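The values are calculated or read from the model by the stated rules, or taken from the named source; none is laboratory data. It should be emphasised that the depicted structure is a prediction, and the values quoted were computed from it without experimental measurement. With ideal geometry, Cβ positions are generated from the backbone for all residues, glycine too; neighbour counts draw on all protein chains shown.
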Amino acid sequence: MGRGAGPTRDWFSEFEESLWLRGDQGSEAEAAFVLRALRLEPGSHVLDAPCGAGRIAAHLAKSGCVVTGVDVNAKFVARARTRFRTERVKGSFSVLDLRDLQFRDRFDGVCNWGGSFGYFSDEQNLEVLRRVAAALRNGGRLLIDQVNRQYVLRHFRSVSVEPAVTIRTRWNAGLQRIESRWTLTRNGRQRQCRSTIRLYTPSQLKRLLQQVGLAWETAYGGPDGSNYRPSSRRLIVVGRKLS
């Protein structure tokens, strides 16, 4: 499936940016979890992909990691660079689509945080993993953080109302995607955007990792380090590159 084809055309390029940037609460604790899960130490090279505005990357850098961040959104990359300058930490940032990663044997860890996997077609999602695996050094680890599909389906809500935002959601069983339409109300005006994300089961993610030469290491149910269970709200998977 091509980049502009079918249900996975690049919806995120038109998504409301304010919904991505919902403050920095909890970032330090989440970054501490990422450090433990990826077994990163001061001097470890880590790729934050996508990095957004750098909320996790900044804390990784403060812990002594050598941080590289990539994101397809140029505004977010600019925000991350500004944050790093303001907080006087070092990092390298690029505007880059995950499907275009070209790193080779460079990183001790790769972090895909905040439900940022599954945006593309199945074929393109696998290609992203291939490129991530190529970017890892032997023994390096990848972390993928998704909402837990089983939890979502057990507690499914077709309509959710938040301050200034109404979300209408459907589960596309054929494509195994959660599809949402977001209506934002601001100053009496409404704006709509949509999202469509492929949600994988643990066994599906395990097969994908194996296909790209990554061994399934563990799965967590949240950034508190709890073990994954079907009732967990999140599915955080760690895979290790085989030598």
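Summary of values
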quantity	calculated
Any hit, region 204-226, residues being over 25 Å from SER27 (Cα atoms) and hydroxyl-bearing (Ser, Thr, Tyr)	no
Region 12-26, subset among the hydrophobic types (A, V, I, L, M, F, W, C) and either modelled with pLDDT under 90 or over 16 Å from the mean Cα position of the chain (by Cα) (or both), residue surrounded by the most Cβ atoms within 10 Å (Cβ to Cβ)	TRP20
Filter result (part of a strand (DSSP E or B) and either of a type in the set (Gly, Ala, Ser) or exposed (fewer than 15 other Cβ atoms within 10 Å of the Cβ) (or both)) within region 169-182	ARG170, ASN172, SER180, ARG181
Selection count, region 184-206, where residues are aliphatic (A, V, I, L, M), outside any strand (DSSP E or B) and farther than 29 Å from LEU142 by Cβ	0
Residue that is at pLDDT 95 or above, in contact with a strand residue (DSSP E or B) (Cβ under 9 Å, 6 or more places away or on another chain), not in a helix (DSSP H, G or I) and not aliphatic (A, V, I, L, M), where the choices are GLY69, GLY64	GLY69
So LEU136, is it surrounded by 15 or more Cβ atoms within 10 Å (Cβ to Cβ) and touching a residue at least 60 places away in the same chain (Cβ under 8 Å)	yes
Filtered residues of region 120-167 (kept if within 21 Å of ALA219 (Cα to Cα), outside any helix (DSSP H, G or I) and touching a helix residue (DSSP H, G or I) at 6+ places or on another chain (Cβ under 6 Å))	ARG141, LEU142, LEU143
Residue check for LEU175: closer than 21 Å to VAL34 by Cβ and not charged (D, E, K, R)	no
Any hit, region 83-95, residues being surrounded by 14 or more Cβ atoms within 10 Å (Cβ to Cβ) and touching a residue at least 60 places away in the same chain (Cβ under 8 Å)	no
Criterion (over 26 Å from ARG191 (Cβ atoms) and over 17 Å from the mean Cα position of the chain (by Cα)) met by exactly one of ARG79, ARG85, ARG99	ARG85
Residue list for region 207-233, filter: crowded, with 19+ Cβ neighbours inside 10 Å and not in a loop (DSSP other than H, G, I, E, B)	LEU208, LEU209, LEU214, ALA219, TYR220
Some residue of region 110-117 being in contact (Cβ under 8 Å) with a residue 60 or more places away in the chain, surrounded by 12 or more Cβ atoms within 10 Å (Cβ to Cβ) and either among the β-branched types (Val, Ile, Thr) or more than 23 Å from CYS193 (Cβ to Cβ) (or both)	yes
Members of region 82-103 found to be in a loop (DSSP other than H, G, I, E, B) and under 16 Å from VAL46 (Cβ atoms), listed by number	VAL89, LYS90, LEU96, LEU101, PHE103
Those residues of region 27-51 which are under 21 Å from LEU136 (Cβ atoms), surrounded by fewer than 23 Cβ atoms within 10 Å (Cβ to Cβ) and either free of Cβ contacts under 8 Å to residues at least 60 places away in the same chain or of a type in the set (Gly, Ala, Ser) (or both), in sequence order	LEU35, ALA37, GLU41, PRO42, GLY43, SER44
Residues (closer than 24 Å to VAL128 by Cα, of a type in the set (S, T, N, Q) and surrounded by fewer than 21 Cβ atoms within 10 Å (Cβ to Cβ)) located in region 60-82	ASN73
